[in-house]
Amino acid sequence: MFSYGGQGGGRSIPQVFQTQYNCSSTAMAGKDVDEGDKIFLPPSALDRLARMNVEYPMLFEVEGADAKKKTHCGVLEFSAEEGWCYMPF
């Protein structure tokens, strides 16, 4: 593993978190978040991220299935149903 930093206190190079989720509006999830740059991911995403060397704050790039549109966001909660991502539209 490559690392950078000082003696013994170096930080490892962050790993990449890449996965696919079904996406729906936060309104469909019963969440009252219509605007903003935060999404809801399932608890399994937090579990997976906790095992990785992630940098904080976490910033995600989200793209459509056709990869024509991309945006960036953070996570408000890890409370979405498994296999789903809820985001403001």
Extended-chain gain in nm, criterion 0.36 nm per residue less alpha-carbon gap, MET28 and GLU55: 6.7 nm
Estimated translational D of segment 49-89 in µm²/s (Stokes, Kirkwood radius over Cα pairs; 20 °C; 1.002 mPa s): 177
Bins of 10 Å, starting at 0 and running to the largest distance - Cα pair percent for segment 8-89: 16, 50, 26, 6, 1
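Taking K and R as +1 and D and E as -1, what net charge do the other residues with C-beta under 14 Å from the C-beta of ASP32 add up to? The partial results should precede the final answer.
Details: positive: LYS31, LYS38; negative: ASP34, GLU35, GLU77.
So the surrounding residues net to -1.
Throughout, read-outs are computed from the coordinates displayed, never taken from laboratory work. The structure presented is a predicted model; accordingly, all values stated were derived computationally and were not measured. Every residue, glycine as well, gets a Cβ built from its backbone with ideal geometry; the counts of neighbours run over all protein chains shown.
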